[in-house]
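Undergrad: One structure coming up, written as structure tokens, with questions to follow.
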Amino acid sequence: MSKIIDGKAVAEKVLAECVDEIQQLKNNGVTPGLAVVLVGEDPASKVYVGSKVRKCAELGLHSRKIELPADASQADVLAVVQELNEDPLIHGILVQSPPPPQIDEDAIVKAIDPAKDVDGFHPENVAKLALEDASGFVPCTPSGCMRLLKEAGVETSGAEAVVIGRSMIVGKPMALLLMSKQGNATVTVAHSRTKELAEVCRRADIIVAAIGMPEFVTADMVKEGAAVIDVGINRVEDPSAKRGYRLVGDVAYDEVAAKCSAITPVPGGVGPMTIAMLISNTIKAARQSVS
Ligand code: GUN
């Protein structure tokens, strides 16, 4: 029987730690501030951006939400980033991904002041993660996954970990964290061209699924007793659901849960952690701005 890792509970624990730090900063005259930029009308992105801004308000953080139309130009987005780089009340900047196709996302990320890059996507922060320099920002989703493993009592040191997916948002930073001196795991990164993927996965003590394919990881790919972290949030059509769709992860939950030692549900697993780590990164940015 597997243990369900409660991401909401762990996220609340992280946020409770943040509350003390926010108060300390406020006592020193600094209110951490986060700016979230949304370009276009992607419905899922709108939901995520709304949740981030709401969480800031709940915790007494300063926040700004900047919405640009779907036909905004590269120059429009760069101008917003520039203004936020210069805004002394803003310590963290996040441009929601994915932007519309006319936007060069790499160029936008590079334009963000690395000291305000709470997403951890700027090359300077990517390098700091690889170098294990603690002054950098670690992308929120993989750092949330590491915290979930820790809170669930999953030993990463010496473990065989398989990360499925090689994105800059999740797969690559997740692999770096697992192999770091903090994780000490033996890491394999699998992706769409991996041969014998099921066999590779079956070696794993820890599987992190981040491929964006609904219920891709099935029970035959999972070793008995492995820990499974499901990063996927996929909408699948479901006429019986009120909204006409339901959310599923990258893992076939029921059959895998019956076999593994610990698993994150979707929703309620990794999702809540991403926001908690974003708030935590924003506080770190505020702290570092005055030290
Ligand atoms: N889209 C999905 N996840 C993320 C994230 O962590 N940061 C940003 N900026 N966009 C995302």
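Undergrad: Give me the distance between the Cα centres of the stretch 169-227 and the stretch 47-123, rounded to whole Å.
TA: Their Cα centres are 30 Å away from one another.
Undergrad: Note down the magnitude of the dipole of the chain about its Cα centre, charges +1 on Lys and Arg C-beta and -1 on Asp and Glu C-beta and zero elsewhere, to the nearest 20 debye.
TA: Working: 30 positive and 38 negative charges, 97 e Å.
Value, rounded to 20: 460 debye.
Undergrad: Please state the relative contact order of the stretch 99-195 as a whole percent: Cα pairs under 8 Å, 6+ residues apart? Mind showing how you got there, number by number?
TA: On the way: 123 pairs, mean separation 21.1, N = 97.
RCO, the stretch 99-195: 22 percent.
Undergrad: Using Cβ contacts closer than 10 Å as the measure, can you line up 146, 168 from fewest to most?
TA: Details: 146 23, 168 16.
Final ranking by Cβ density, sparse to dense: 168, 146.
Undergrad: Given the -39500 (n - 2.57) contribution per DSSP H run of 4+ residues, what per-residue ellipticity at 222 nm results for the chain, rounded to the nearest 500 deg cm²/dmol? Working shown, then result.
TA: Details: 10 runs with 120 residues, N = 291.
It lands at -13000 deg cm²/dmol.
Undergrad: So, by mean Cβ neighbours within 10 angstrom, what's the order for 249-255, 172-178 with the highest one leading? Walk me through the intermediate numbers first.
TA: Values: 249-255: 21.4, 172-178: 24.3.
Output ranking for 249-255, 172-178: 172-178, 249-255.
Undergrad: Roughly how big is the stretch 71-125's charge dipole about its Cα centre, with Cβ charges of +1 (Lys, Arg) and -1 (Asp, Glu), in debye to the nearest 20? Don't jump to the answer; show the numbers that get you there.
TA: On the way: 2 positive and 12 negative charges, 19 e Å.
Dipole size: approximately 80 debye.
Undergrad: How high is the relative contact order of the chain, in percent, with contacts defined as C-alpha pairs under 8 Å that are six or more residues apart? If you can, show how the numbers build up before the last one.
TA: On the way: 585 pairs, mean separation 65.4, N = 291.
Relative contact order for the chain comes out at 22 percent.
Undergrad: With point charges of +1 on the Cβ of Lys and Arg and -1 on the Cβ of Asp and Glu, referenced to the Cα centre of the chain, which listed residue (232, 171, 29) lies farthest in the positive direction of the dipole?
TA: Positive-end residue among those listed: 29.
Undergrad: Assuming a ≥ b ≥ c are the square roots of the Cα gyration tensor eigenvalues, decide whether the stretch 173-291 counts as rounded (a/c under 1.5), prolate (otherwise, with a/b larger than b/c) or oblate. Please list the in-between numbers first.
TA: Working: a/c = 2.21, a/b = 1.22, b/c = 1.82.
Because a/c hits 1.5 or more and a/b fails to exceed b/c, the stretch 173-291 counts as oblate.
Undergrad: Using the count of nearby Cβ atoms within 10 Å as a rough guide to exposure, how do 91, 122, 62 rank from fewest to most?
TA: The most exposed by this proxy come first: 62, 122, 91.
Undergrad: Charges only on Cβ, +1 for Lys and Arg, -1 for Asp and Glu: so what's the dipole of the stretch 1-76 about the Cα centre, in debye to the nearest 20?
TA: Taking the Cα centre of the stretch 1-76 as origin, the dipole is about 220 debye.
Undergrad: Next question. Pick out, in residue order, every one of the GluC sites (Glu not before Pro) in the stretch 1-81 that is DSSP loop and has at most 11 other C-beta atoms within 10 Å; say none if there are none.
TA: Sites meeting the loop and neighbour criteria: 41.
Undergrad: If we count every other residue with Cβ under 12 angstrom of residue 114's Cβ, Lys/Arg +1 and Asp/Glu -1, where does the sum land?
TA: On the way: positive: 110, 116, 128; negative: 113, 117, 119, 124, 133.
Cβ neighbours under 12 Å give a net charge of -2.
Undergrad: How are the C-alpha pair distances of the chain spread across 10 Å bins, as whole percents from the shortest bin up?
TA: Here the calculated profile for the chain is 6, 28, 34, 24, 8, 0.
Undergrad: So, one more: For each of 108, 4, 90, count neighbouring Cβ atoms within 10 Å of the residue's Cβ, then give the residues from fewest to most.
TA: Fewest-to-most ranking of 108, 4, 90: 4, 108, 90.
Throughout, read-outs are computed from the coordinates displayed, never taken from laboratory work. All figures in this text were calculated on a predicted structure; none of them were measured in a lab. Positions of Cβ are generated from backbone atoms using ideal geometry, with glycine treated the same way; all protein chains shown enter the neighbour counts.
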